[in-house]
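One structure is given below, encoded as structure tokens.
All of the numbers you see were taken from the coordinates with simple rules; none came from a lab. Note that this is a predicted model, so its numbers are computed, not measured. A quick note on method: Cβ atoms are made from the backbone with ideal geometry, for glycine too, and the neighbour counts reach across all protein chains shown.
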Amino acid sequence: MADKVWVYIDQYKGEAIGASWEVVGAARVLADQLGGGVTAVVAGSAVQQVAEQAQHYGADQVYMCNDGTLDEFRAEPYASLLSGLAREHQPEVILFPTTSRGRELAAMVAVDLGTGVMPDVTALEIQDGNIVVTRPVYGGKLISKAVCSSRPQLITTRIRAFTLPEPDPAKAGNVEQVNASVSEDQILTKVSGYSESSAGVTLNDAAVIVSGGRGVSNNPSLVPPDGMDEKEAEVWKAQQGFKLIGDLAGVLGGAVGASRAAVDAGYVPYDHQVGQTGKVVSPDLYIACGISGAIQHQAGMRTSKVIVAINKDSEAPIFKMARFGVVGDLFEIVPPLTAALKNRLNT
Amino acid sequence: MKIVVCVKQVPDTAAKVVVEDGQITWGDSPLVINPWDEYAVETALIQQEAHGGEVTVISVGGEDAKEALKHALAMGCGNAILVSEPGIEKSDSLLTSRILAAAIQKIGDVDAAFFGRQAIDGDVGVTAAQTARVLGWPSLTLVSAITELDPGNNTVRVERSIEEGRQVVEGKLPAVISVVKDIGEPRYPSFMGIRRASRAEIPIWSTSDIGAELSEPVVTWPEITNPPQQEVVTELVTGGSPEEIAGKLADKILEEKVL
């Protein structure tokens, strides 16, 4: 009998996205209650190794599809594959990690199968045979429960919200090779190139985030090079400031975030924005430097485990949510903090 | 070129949204066009300026959703349509995308439908991809730049912003395109635009007008609550030189055992 609980393993260029394994862990908890095992769907152009790993993390059954049409991610052929498998085997639930790919795929499979999708959930429970999910809404200002009356229930799980299981190299499941369900001439898009992000560590799955705000441009001791107008000088100063933020993030193996004010002022690219109209993050440690903590910013980082705030303004709202605060000039505090942590962590 | 932009009306991002007696409230804060959708309107207007044609803005929602449409008209969209009937605001994403797809087909000969990446109320973020799938059109989501769009040859090339970087994707028109903030700052409504929008009569279509059906949503929200109060005791680190403060702060961070 086919498993009731499925997971989609997200991968990029043949390497699994770490959050996929959190999803396998969440699937195991559901399967223990609903009965049966966990089936993983692994697709790409050369994903044997991902299929191996899926078993180590706990998949009992793996549907593996290696096909040229699945080389670069395009939602359409991936969705058609997954929808076809789901039609054939009728799972109760398919879980996806909340990545850009996972979300789009769940969206399309929902259309194919005429069912509902519940994205970016932070908790799962079973009531009367239905999965009740918990979802932050309004940028985390409210918490909602949601249920889906049709099958399969399509759910994407928020990155870092579920526990990562320990892999066990001795674990082995059954791998079944499956064929792609559409051919290249049926696919509506072509990928003609890509460039890697300059961000280094991506914000969504970072365990540590160091963020800068508008205050990062206010270092009074900097003298901009000759010939810059006022705006250029401000951005130049901000970029020097963000170097300090980047140094601290680097020592902690973390990512660099920013407030909307810093992004709108042109200090850093939008990819770094944390908040209601940026990325919603939930790291173990969030260090806010020169960020006042507007409600929109709080919406993006309030579930961080430990929040540290460094700000000149003792009245800044960010201090109300911070575990530790320093009322002071970030340009005076951040460099010695980087040095002190580097020294203590031996990095 | 015939362009559609799909927008939603939401509480302002600065609103203090809370649940009182089981109802969501946002006090005196205004309802506004979803901020992401303003980028979609801007993108649509830029394409219209480049290629000619008309931009129609559509919303699915209650009758009060007209304010979002008026904002889009004030920015420069030529036409607005509200798809509305009792109960429509309970639609889940699947229903909404079916209704939007039917409205786009009713308008007819549409070359491109633009969306914001997600609405800031439900944070679901799947409507663009679902509408594309219902229509059978290419889904170009999370687009940060349109590098080429040729309505004569029906081709489009975009850059998508994904976690790992930028992906260049080519497709055929008609296509669904959802945009992110990098696409360019939305313009402010002009004085003339605001005047024109305030006088505009916005037609209301029912689902039966467009050959769609308002069925029961499959996703429901049985409960909505305020988030648990976080009991944070803030400890201010003070005293001594910046180096001493930094050293103390480093020790305290390490004591939390999150590194």
Legend entry - Degrees, to the nearest 10: A:75-89 long Cα axis against longest axis of chain A: 40
Inset, instruction - Considering only A:Gly36, A:Gly246, A:Gly290, give the residue with the highest GNM mean-square fluctuation for chain A, with springs between Cα atoms whenever their separation is below 10 Å. - result: A:Gly36
Legend entry - Crossing angle, helix A:100-113 versus chain A [Cα axis fit, 0-90 degrees, rounded to tens]: 30
Inset, instruction - Take B:Ser208, A:Ser80 and order them by how many other Cβ atoms sit within 10 Å, fewest up front. - result: B:Ser208, A:Ser80
Legend entry - B:Ile46 versus B:Ser215: modelled label distance in nm, points set 7 Å from Cα along the beta carbon direction: 3.8
Inset, instruction - In whole angstrom, note down how far apart the Cα centers of segment A:1-63 and segment A:214-277 are. - result: 40
Legend entry - GNM flexibility winner over chain A from A:Ala207, A:Ala265, A:Ala238 (Cα, springs under 10 Å): A:Ala265
Legend entry - Between segment B:231-258 and segment B:121-144, the alpha-carbon center distance in angstrom: 45
Inset, instruction - Assuming R0 = 45 Å, can you tell me the calculated FRET efficiency for the pair B:Thr225 and A:Asp226, based on Cβ-Cβ distance, to the nearest 0.05? - result: 0.20
Legend entry - Amide proton proximity set for A:Ser150, modelled H, under 5 Å, gap of 5+: A:Gly116
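Report the net charge of residues surrounding A:Gln186, where surrounding means a beta-carbon distance below 15 angstrom and charges are Lys +1, Arg +1, Asp -1, Glu -1.
Charge balance in the 15 Å sphere: -1.
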Legend entry - Amide proton proximity set for B:Ala145, modelled H, under 5 Å, gap of 5+: B:Glu159
Legend entry - Spin-label model distance (nm) - B:Ser29 vs A:Glu166, 7 Å beyond Cα toward Cβ: 4.4
Legend entry - Hydrodynamic radius by Kirkwood, which averages 1/r over all alpha carbon pairs of segment A:5-186, in angstrom: 16.1
Legend entry - Per-residue Cβ neighbour rank within 10 angstrom, fewest leading, B:Glu170, A:Glu230: A:Glu230, B:Glu170
Inset, instruction - Give me the distance in nm between label points sitting 7 Å out from Cα along the Cα-to-Cβ direction at B:Thr234 and B:Glu256, one decimal. - result: 1.4
Inset, instruction - Please return the longest stretch of chain B lacking exposed loop sites, where trypsin sites (Lys or Arg not before Pro) count only if DSSP places them in a loop and at most 15 other Cβ atoms lie within 10 Å. - result: B:17-186
Inset, instruction - Report, to the nearest 10°, how far helix A:19-34 tilts away from the longest principal axis of the Cα atoms in chain A, using its own Cα long axis and a range of 0 to 90°. - result: 50
Legend entry - Ranked B:Asp209, A:Asp185, criterion: other C-beta atoms within 10 Å, fewest first: A:Asp185, B:Asp209
Inset, instruction - Check the straight Cα-Cα distances from B:Lys248 and name the aspartates and glutamates below 17 Å, setting aside those fewer than 8 residues away within the same chain. - result: A:Asp329, A:Glu332, B:Glu235, B:Glu256
Legend entry - Phi-based couplings in Hz for segment A:261-267 (Karplus 6.51, -1.76, 1.60; Gly and Pro marked x): 4, 5, 6, 5, 7, x, 6
Inset, instruction - Specify the inter-centroid distance of segment B:1-67 and segment A:288-347, based on alpha-carbon positions, in whole Å. - result: 34
